[in-house]
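The values are calculated or read from the model by the stated rules, or taken from the named source; none is laboratory data. Source: prediction; values computed, not measured. Glycine gets a Cβ as well: all are built from the backbone with ideal geometry, and neighbour counts include every protein chain shown.
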C-alpha cells in the first residue's frame, strides 16, 4: 500500500508540474504548452472516472464482508468500466495534444496511451480469471489523481498566470529601454526587429518571444500568455504601447482588407483589460 501511495503522489506531482510548466521561469520550451494542455485535459475530463472509482472503492472496502457471505465480488466489472471511461479521457487528451502540439506529438502520445492500455487490458484479463481477496488499490488512483490535479489547476492557475505575465513584462524593460534609446538617437523607432537571434527573452518557459511592430507615433510590443483550463479555448495577448494606442488584430488579412482607421472597430478580440502596469493591456481572443 505504501508503494501505491508513493506512485499516486508521484503521478499527481508529474501532472501538476506539466500543468504549470509553461508559466515557470526559464528558457522557452516548444513542448511546454502541449504537455500542459494534456495534463489539464487529464485533470478536467479525468473526473469522468471518479464516480466509477468511488463505487469500486466502496466495493473493495466491503470485499471481506461479501466473501464471508459468499456474495459475488464485482472488481472485474468496475475495472472494465474504468478502462472504458478512461478511454474517453485518453481521446480528449489526444485531441488536446493534436491541437496544441501537432500531428507528430499526438502520434507519440497515442503510442504511449496504447502501451498503457495494453498493460491495463492484460491485468484486466487476469482479474477476470481470479479475483484477489486482498484490497485492490486501483480505485485509489481513479479517485484521488483527477480530483487533486484539477483542484491544483483551479486554485493556483490565476495566481500562476499573473506571476508569469508580470515576469515577462519585467523582462521586457531592457528591450523597451533600448527601443527608446534608438528613438532618442535617431528620432524614429526601428521599422522592424526581425532577426535570426531575438536576444531579448521573456524568460518564461511557455512564452517564445516578444513581438514588435511600429504603430503610428509609437509601437506595439507584445507576447502571448499561456492559458489554463479555466480559460479553455482562450488566447491572451499582452501588449505594451507607450501612447496607449494598442491595436491587436486577429487576422492578418483584415489589415490588408480596409483602411487603417477601420481596424479600431474590428480587431477581433472579445474583451480587454489593463494589466495593472502603465501602458500594458491584455486582449482575449476566442
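Filtering 142, 163 for residues that are closer than 30 Å to residue 208 by Cβ, in contact with a helix residue (DSSP H, G or I) (Cβ under 8 Å, 6 or more places away or on another chain) and part of a helix (DSSP H, G or I) leaves a single hit, 163. If the condition is being surrounded by 12 or more Cβ atoms within 10 Å (Cβ to Cβ) and farther than 17 Å from residue 32 by Cβ, then the range 93-111 contributes 94, 95, 107, 110. Pairs are defined by a Cβ separation below 9 Å, a sequence spacing of at least 6 or placement on different chains, a first member in the range 251-264 that is over 15 Å from residue 215 (Cα atoms), and a second member that is assigned to a helix (DSSP H, G or I) and at pLDDT below 80; the pairs so defined are 251/257; 254/262; 254/263. Taken over the range 124-139, the criterion of being assigned to a helix (DSSP H, G or I) and in contact with a helix residue (DSSP H, G or I) (Cβ under 8 Å, 6 or more places away or on another chain) is satisfied by 124, 127, 128, 138, 139.
Within the range 13-37, residues that are assigned by TED's automatic domain parsing to the domain that holds residue 94 and under 17 Å from residue 148 (Cα atoms) reach no partner that is exposed (fewer than 15 other Cβ atoms within 10 Å of the Cβ) and modelled with pLDDT of 95 or more with beta carbons closer than 8 Å at six or more positions or on different chains.
Test residue 121 against the stated conditions and say whether it is assigned to a helix (DSSP H, G or I), surrounded by fewer than 14 Cβ atoms within 10 Å (Cβ to Cβ), in the same structural domain as residue 23 (by TED's automatic domain parsing) and touching a residue at least 12 places away in the same chain (Cβ under 8 Å).
Judged against the criteria, residue 121 is a match.
Against the list (1) surrounded by 14 or more Cβ atoms within 10 Å (Cβ to Cβ); (2) assigned to a loop (DSSP other than H, G, I, E, B); (3) touching a strand residue (DSSP E or B) at 6+ places or on another chain (Cβ under 8 Å), the condition residue 237 fails is (2).
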